[in-house]
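Take a look at the structure set out below.
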Amino acid sequence: MPYPFTLPPLPYPYDALQPYISKETMEYHHDKHHQAYVDNLNAALKDHPDFHKLEIEDLLRQINKVPEAIRQAVINNGGGHYNHTMFWEIMKPGGSKEPKGALADAIKALGGLEQVKQMVNDAGLRRFGSGWAWLVVDGGHLKVISTPNQDCPLMNNQYPVLGVDVWEHAYYIDYRNRRGDYLKAWWNVVNWDEVSKRFDLATKK
Ligand code: MN3
């Protein structure tokens, strides 16, 4: 749905990802942080009707067409909106525990699931300050990358199939400063059905 953007409801109860992610973290993360990205994105676009028909993905893909006066606000808040919408969807209580189909093959080619988890965790740990660690499809290939702040891989023509939020707000209530423990635990709530679907979508384009 294009402008005005709205906060999508969490696709499961706030306490569904416990004990790995607490109800309190989910309430703040979804209701406060994600809501703020949505509100600030709408505020930035308010006086720019040329961009009101674009879906969030297209807005980010065409970020260079966005006027300079609001470009950084759209990068931060449009990225924040897209990244978090994906984040809620790729988590699920009791979801599929392993990648499927073509994604399973692509992960094997990178050294296997344990190796790929390690690469994503390393990317998340190395990211100084706030940002995300990702599995993206880039030119048909699966890659591990990280981005600062709310920068979205779509801006670099990469399609995000999995992303883990390493901003402190994602883990500080539950893990304090232990980002590595959060990253290790996070894999317990990954919804591989959804991640596999995103990979198929990205590689069919
Ligand atoms: Mn966040």
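Could you list, in sequence order, all residues of segment 180-190 that are in contact with a Lys or Arg (Cβ under 9 Å, 6 or more places away or on another chain) and either open to solvent by less than 40 Å² (accessible area, probe 1.4 Å) or among the hydroxyl-bearing types (S, T, Y) (or both)?
Across segment 180-190, the qualifying residues are L183, W187, V189, V190.
For segment 109-123, how many residues are in contact (Cβ under 8 Å) with a residue 60 or more places away in the chain and open to solvent by 20 Å² or more (accessible area, probe 1.4 Å)?
1
List pairs: first residue in segment 159-185 and over 13 Å from Y82 (Cα atoms), second residue within 13 Å of the ligand (Cβ to nearest atom) and among the β-branched types (V, I, T) anywhere in the structure, Cβ distance under 7 angstrom, at least six positions apart or on different chains.
I173/T25; D174/I21; D174/T25; R179/V166; L183/V164
For segment 71-93, give me each residue that is over 22 Å from Q18 (Cβ atoms) and either open to solvent by 10 Å² or more (accessible area, probe 1.4 Å) or more than 11 Å from the ligand (Cβ to nearest atom) (or both).
R71, Q72, A73, V74, I75, N76, N77, G78, H81, Y82
Any residue at all in segment 94-108 that is surrounded by 15 or more Cβ atoms within 10 Å (Cβ to Cβ), farther than 22 Å from V166 by Cβ, more than 14 Å from the ligand (Cβ to nearest atom) and modelled with pLDDT under 95?
Checked against the condition, which is being surrounded by 15 or more Cβ atoms within 10 Å (Cβ to Cβ), farther than 22 Å from V166 by Cβ, more than 14 Å from the ligand (Cβ to nearest atom) and modelled with pLDDT under 95, segment 94-108 yields at least one hit.
So, in segment 138-172, how many residues would count as being open to solvent by 10 Å² or more (accessible area, probe 1.4 Å) and away from the ligand (no atom under 16 Å from the Cβ)?
13
Only residues in segment 194-205 that are closer than 12 Å to L162 by Cα count as the first member; pair them with residues that are open to solvent by less than 20 Å² (accessible area, probe 1.4 Å) and assigned to a helix (DSSP H, G or I), Cβ under 6 angstrom, at least 6 apart or cross-chain, and list the lot.
So the pair list comes out as S196/L103; F199/L103.
The values are calculated or read from the model by the stated rules, or taken from the named source; none is laboratory data. Computed from a prediction, not measured in an experiment: that's the story for all the values here. Reconstructed Cβ throughout: ideal geometry from the backbone, glycine too, with neighbour counts over all protein chains shown. Just the protein is used for accessible areas: all its heavy atoms, side chains included, with ligands, DNA and RNA removed. Shrake-Rupley method; radii C 1.70, N 1.55, O 1.52, S 1.80 Å.
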